[in-house]
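Chemist: Structure below; questions to follow.
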Amino acid sequence: MTLETILERIRPIDEQSAQEATARHTRLTKPPGSLGELEALGIRLAGIYGTTRPRVTGRGVAVFAGDHGITDEGVSAYPKAVTEQMVHNFLRGGAAINALSRVAVSDLLIVDVGVDGDLPEHPRLLRRKVARGTRNMLEAPAMTRDEMNAALLVGAEIAHSFASSGTNLVVGGEIGIGNSTSAAAITATFTRSGVREVTGPGTGLDEDGLDRKYRTIEEVLSLHQPQPSHPLEALRKIGGLEIAALTGFYLGAAAERLAIVLDGFISTSAALVAAALEPQVRGYLFASHCSTEPGHAIQLQHLGLSPLFNLGLRLGEGTGGVLAMPLMESAAATLSEMATFEEASVATARPT
């Protein structure tokens, strides 16, 4: 598997199936449009799955973990060691993503793509470490090309694995202290926004810490001059190993015709890169929510996505995406399982 072959396999969604699903919704036993946005969601799923009666056959969540050298600059309220500590918490089942995945009845995988520590064997952990974190991007590009390519392919491998097991609805999550700094730099680059427009407190910086974060990102962008027209170079210079893996995960999922539910600010920064590499990816993306991080709304606007809900979330880990999974499956079920007026022997509305 290479990045080139993955990109070649990404095709537009099936517009014919989407049109037929739109027509089917008008014949179901309800007033037209009465299910609101659920109808639009179901129609989009019909286009992705290539059928007028879409079904969610499995839910999968992959949380990619990686450390960031930029934490040396004091851009996070938490020390870098928290990344490894949180992975252990995931493996013990004690994090928010564990609780929500249990409720959503979704398969949960934790993927070590760049944690600066040695993690134990565990049935829920995939050890795919590319490096022990990124370099300090204030001093050098965050990743080498080989590291970035390896991380991209880790993500694509996970997407392929989900598809092979019959899963067709996926969420990508992340954990990595310092990754909101990389995400803000990516967002400023790909949306051509100002650093202060897209940068928030992340894990809870105070005013002085946030000002330091602004200055750090501005210096990083000045040093590396990343360009959205060269998405892989931008990702290599200012991204993270877990963000690169998420990018590959989205590309691989689109190639497998899986519906992709985005989580928050960091995971959506990877979607910006994926969509720049192959614009057809956008047809497979759904926005679960809008984070309180200021750059998230700008990301979603750039991708042309509307959030399904707004609960004031900003945790990451894939939590918002998992919350959206039952909603997505409900949209598919109403389109697929409801009877038409004819099937139910119910009179249709009289013309006015």
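The values are calculated or read from the model by the stated rules, or taken from the named source; none is laboratory data. Remember, it's a predicted structure, so these values are computed and weren't measured experimentally. A quick note on method: Cβ atoms are made from the backbone with ideal geometry, for glycine too, and the neighbour counts reach across all protein chains shown. Calculation scope for accessible area: heavy atoms of the full protein, side chains included, ligands and nucleic acids excluded. Shrake-Rupley method; radii C 1.70, N 1.55, O 1.52, S 1.80 Å.
Chemist: Considering the options Ile13, Ala46, Ser101, tell which one lies farthest towards the positive end of the dipole of the range 12-110, charges being +1 on Lys and Arg and -1 on Asp and Glu at the Cβ, about the Cα centre.
Modeler: Farthest towards the positive pole: Ala46.
Chemist: Across every pair of different alpha-carbon atoms, what Kirkwood hydrodynamic radius in Å does the range 43-123 reach?
Modeler: Values: mean 1/r = 0.0660 Å⁻¹.
One decimal place: 15.1 Å for the Kirkwood radius.
Chemist: Further question on the same structure: Measuring from centroid to centroid over Cα atoms, what is the spacing of the range 302-337 and the range 247-266 in Å?
Modeler: 13
Chemist: Taking amide H positions as placed 1.01 Å from N in the peptide plane, with prolines and chain starts having none, which residues 5 or more places from Phe64, or on another chain, fall under 5 Å of its amide H?
Modeler: Val111, Gly173, Glu174, Ile175
Chemist: Residue-wise, which Karplus ³J(HN,Hα) couplings in Hz belong to the range 13-29, taking 6.51 cos²θ - 1.76 cosθ + 1.60, θ = phi - 60°, and x for glycine or proline?
Modeler: With coefficients 6.51, -1.76 and 1.60, one gets 5, 7, 5, 4, 5, 5, 5, 5, 5, 4, 5, 4, 4, 6, 9, 6, 6 Hz.
Chemist: Search the structure for amide H atoms under 5 Å from the amide H of Ala142, placed 1.01 Å from N in the peptide plane, and list their residues when 5 or more places away or on another chain.
Modeler: Distant-sequence amide H within range of Ala142: Lys237, Ile238, Gly239.
Chemist: Based on the Kirkwood radius over alpha-carbon pairs, what is the Stokes-Einstein translational diffusion coefficient of the chain at 10 °C with 1.306 mPa s viscosity, in µm²/s? List each step's numbers first, then the result.
Modeler: Working: Rh = 20.3 Å.
The calculation lands on 78 µm²/s.
Chemist: Calculated from DSSP H runs of 4 or more alone, at -39500 (n - 2.57) each and per residue, what is the 222 nm mean residue ellipticity of the chain, nearest 500?
Modeler: My calculation for the chain gives -15500 deg cm²/dmol from helical runs alone.
Chemist: Starting at the first residue of the range 238-253, write each ³J(HN,Hα) from the Karplus equation 6.51 cos²θ - 1.76 cosθ + 1.60 with θ = phi - 60°, in whole Hz, x for Gly and Pro.
Modeler: After applying 6.51 cos²θ - 1.76 cosθ + 1.60, I find 10, x, x, 5, 6, 6, 5, 5, 4, 4, x, 4, 5, 5, x, 5 Hz.
Chemist: Run the numbers for Ala347 and Met1: contour at 0.36 nm per residue of separation, minus the present Cα-Cα distance, in nm.
Modeler: My answer for the length gained is 119.2 nm.
Chemist: Heads up, I need the accessible area for Ile43: 1.4 angstrom probe, whole protein in place, Å², nearest 10.
Modeler: Only protein atoms counted, so the area is about 30 Å².
Chemist: In what order, largest first, do Arg215, Arg102, Arg236 sit by accessible area if the probe radius is 1.4 Å?
Modeler: Details: Arg215 105, Arg102 145, Arg236 30 Å².
Listed by decreasing accessible area, they come as Arg102, Arg215, Arg236.
Chemist: Quick one: net charge of Ser17's neighbours, Cβ under 12 Å, K/R +1, D/E -1?
Modeler: Within the 12 Å Cβ shell, the charges total +1.
Chemist: Kindly report, to the nearest 10 Å², the accessible surface of Asp107 as traced by a 1.4 Å probe over protein heavy atoms only.
Modeler: Here the accessible area works out near 90 Å².
Chemist: Follow-up. Among DSSP beta bridges lying fully in the chain, give the percent that are antiparallel, nearest 5.
Modeler: In the chain, approximately 5 percent of DSSP beta bridges are antiparallel ones.
Chemist: Ser106 accessible area, nearest 10 Å², 1.4 Å probe?
Modeler: Ser106 has an accessible surface of roughly 20 Å² with all protein chains in place.
Chemist: Ok, one more. Taking the solvent-accessible surface of protein heavy atoms with a 1.4 Å probe, what is the per residue accessible area of the chain in Å²?
Modeler: Heavy-atom accessible area per residue stands at 40 Å².
Chemist: While we're here: Could you sort Met325, Met338 by their accessible area in this structure, using a 1.4 Å probe and putting the largest first?
Modeler: Met338, Met325
Chemist: If you rank Thr83, Thr29 by how much accessible surface each has, with a 1.4 Å probe, what is the order from largest down?
Modeler: Largest accessible area first, the residues go Thr29, Thr83.
Chemist: I'd like the Karplus ³J(HN,Hα) series for the range 284-293: coefficients 6.51, -1.76, 1.60, θ = phi - 60°, whole numbers in Hz, and an x wherever there's a Gly or Pro.
Modeler: Taking θ as phi minus 60°, the curve returns 9, 9, 10, 8, 6, 8, 10, 5, 6, 5 Hz for the range 284-293.
Chemist: Long-range amide H contacts for Gly58: which residues qualify at under 5 Å (H placed 1.01 Å from N, peptide plane, sequence gap of 5 or more or a different chain)?
Modeler: Close amide H contacts, sequence-distant or interchain: Asn168, Leu169.
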